[in-house]
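In what follows, a single structure is set out as structure tokens and then discussed.
The values are calculated or read from the model by the stated rules, or taken from the named source; none is laboratory data. Remember, it's a predicted structure, so these values are computed and weren't measured experimentally. Please note: Cβ atoms are built from the backbone with ideal geometry, for glycine as well, and neighbour counts cover all protein chains shown. All accessible areas refer to the heavy atoms of the entire protein, side chains included, with ligands and DNA or RNA removed. Shrake-Rupley method; radii C 1.70, N 1.55, O 1.52, S 1.80 Å.
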Amino acid sequence: MNELQQQVEKVRLKNGLTLLFLSIPDSLLCSIHLCLAMGNLFENEKERGLSALLQEAIVKGTQTKDAITFNREIESLGASIESSSNSFVGKIAIEGPNEQIFAILALFFELIKSPALRKEEIEKEKRFLIEQLAALDDDPLKAALLRFKKAFYGTHPYGSSTLGEPDCLETFTEKKILEWYRHWYVPNNMVIAVVGNFDLSKMKDVFLHQMGELIPQKVKPFKEDNFYPLSLRIVEQKDIQDNWMVIGYRAPSLFDVRGRTAFELLSNCLGGSMYSRLFLKVREELGLSYQVGSIYVPFIGSSFICAYAGFSYPFFEEIIQVFRKEFNNLVYMSATEFEETKNYTLGMYLSRFETVYSLSSMISFYERIGLGWEFPFKYQELIQGMSLEEALSIYSKHKGEGETLGAVVSSQIKK
């Protein structure tokens, strides 16, 4: 781990573009991740989904190549490309064989500097996103989580799906997407990480030549807010067979690194594995649920920890009471249980360092949000150094804050 960290080289161009290079001599693949500030957090109520639509449309060709030609050239080099946005960042990732990396980079540069953003492709992706939003309700767990987020965040940007809102998506024009692209795809909003087996000197020269002349613009910084959960309870009946609920509480921000570490450990203890508290108690001992678990979601600003369950409706209120009790009982965790959880969490975390894709993704993400590219390497030490006493002290400060519930239940049920 330390050896990898020492090999990362950071270069910042005069226009604000940050480059991260990690040369791994025995790697067969090279991965490039571009990370930008973008997403729900930077969209107002009329802009929900602009980032998602841009990210879907941007990989559909360039000014000189239509979507089919561009992607055929990518595939002919043995490479793959993907783009996405979430609540506060957007990314483009491209990966392929080391021996083709400079040919792949030429396509990458063409795409991010002169995407086509053609009207017909924008309309196709608009329809795709609207269909994806409708399909969210086909998965009862996703549907319950979406209602939980609405009940927790309300009109806050995090309360909307990262895919946007159908009414907003319908209004977006080719001009609006182009304006959104020009606002965010500027060098001082970009961090690009390159991980693989390459000539470092040549790689630097290529990026300086291709990206050095881009003009910076003012971009919004990441900023914490003082939001406090609405603590609502949304239970919706739908034409489904399965019943699902999500119940959760306020949790530390992504920027609260010690709080984040404590809550990730506690979430894994609560419901992160088949030997977690919720699985053994709710499913195995009480038989109240056929699937159960917990998630800690660290956002920039107000975040949450939640437990979820698929259940038979007569157990609805009983499961809520059991969840509350198990959240409360985390304060009674034993030293042995805590050490087991640390080992489990560390094992899961270290697996992220096994591919060039995940390495380039992690270092570009943490550099862009402001925690620094070194953070993924330090996080191992944070996990190992966290004591039971500190974790429980952190948890006690947040325990029970902002209880919120979202659920979808069968419309055949008579309440």
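For the range 324-414, the dipole from Cβ point charges (+1 on Lys and Arg, -1 on Asp and Glu) about the Cα centre works out to 420 debye, to the nearest 20. Heavy-atom accessible area with a 1.4 Å probe sorts VAL206, VAL89, largest first, into VAL206, VAL89.
Expressed as a whole percentage, what fraction of the accessible surface of the range 68-195 belongs to carbon and sulfur atoms when a 1.4 Å probe is rolled over the protein heavy atoms? Carbon and sulfur together cover 51 percent of it. Among 126-132, 344-350, 403-409, the peptide with the highest mean count of other Cβ atoms within 10 Å heads the list, and the full ranking is 403-409, 126-132, 344-350. For GLN237 and GLU354, FRET efficiency with R0 = 60 Å and r from the beta-carbon atoms, rounded to 0.05? Step by step, r from the Cβ atoms, then E = 0.85.
Label reach from ASP199 (point 7 Å along Cα→C-beta): in the range 85-126, amide nitrogens under 16 Å belong to 98-106.
Taking SER364, SER114, SER23 in turn, the Gaussian network model of the chain (Cα-Cα springs below 10 Å) assigns the largest fluctuation to SER114. Of the peptides 139-147, 208-216, the ranking by mean beta-carbon count within 10 Å, highest at the top, reads 139-147, 208-216. Between TYR275 and GLU131, the FRET efficiency from the beta-carbon distance, with R0 = 35 Å, is close to 0.35.
Report the charge-dipole magnitude of the chain in Debye, nearest 20, computed about the Cα centre from +1 at each Lys and Arg Cβ and -1 at each Asp and Glu Cβ.
Details: 45 positive and 53 negative charges, 204 e Å.
Here the chain has a charge dipole of around 980 debye.
Amide hydrogen proximity for ASP139: with H placed 1.01 Å from N in the peptide plane, no residue at 5 or more positions away or on another chain lies under 5 Å. Per residue, the accessible area of the range 237-292 comes to 40 Å², computed with a 1.4 Å probe over protein heavy atoms only. Straightening the chain between SER312 and VAL11 buys 102.8 nm, computed as 0.36 nm per residue apart minus the Cα-Cα spacing. Shape annotation for the chain: C-alpha extents along the principal axes are 62, 49, 38 Å, from largest to smallest. Projecting the Cα positions of SER114, ILE94, LEU145 onto the charge dipole of the range 88-150 (unit charges on Cβ atoms of Lys, Arg, Asp and Glu, taken about the Cα centre) puts LEU145 furthest along the positive direction.
Based on Cα contacts under 8 Å between residues 6+ apart, the chain shows a relative contact order of 23 percent.
So if I take the centroid of the Cα atoms in the range 144-160 and the same for the range 281-329, what is the distance between those two points in Å? Cα centroid of the range 144-160 versus Cα centroid of the range 281-329: 18 Å apart. Sequentially through the range 174-191, phi angles give Karplus couplings (6.51, -1.76, 1.60; θ = phi - 60°) of 4, 4, 5, 5, 5, 4, 5, 4, 5, 6, 9, 8, 10, x, 6, 10, 10, 10 Hz, Gly and Pro residues having no value and appearing as x.
Using alpha carbons only, how many degrees (0 to 90, rounded to 10) separate the axis of helix 375-385 from the longest principal axis of the chain? Approximately 30 degrees, to the nearest ten. Nearest 10 degrees, 0 to 90: what angle lies between the long axis of helix 119-136 and the longest principal axis of the chain (Cα atoms)? Computed tilt is about 20 degrees.
Take every Cα pair under 8 Å whose residues are at least 6 apart in sequence, average their separation, divide by the length of the range 1-118, and the relative contact order is 29 percent. Can you compute the modelled spin-label distance between GLU179 and TYR290, with each label point 7 Å from Cα toward Cβ, in nm? In this crude spin-label approximation the distance works out to 4.9 nm. Considering helices alone, the calculated mean residue ellipticity of the chain at 222 nm is -13500 deg cm²/dmol, with DSSP H runs of length four and up weighted by -39500 (n - 2.57) and normalised per residue. Compared with the alpha-carbon gap, the fully stretched path from THR336 to ARG258 is longer by 26.0 nm at 0.36 nm per residue. If you run the Gaussian network model on the chain, springs between alpha carbon atoms under 10 Å, then out of LEU20, LEU107, LEU34 the most flexible one is LEU107.
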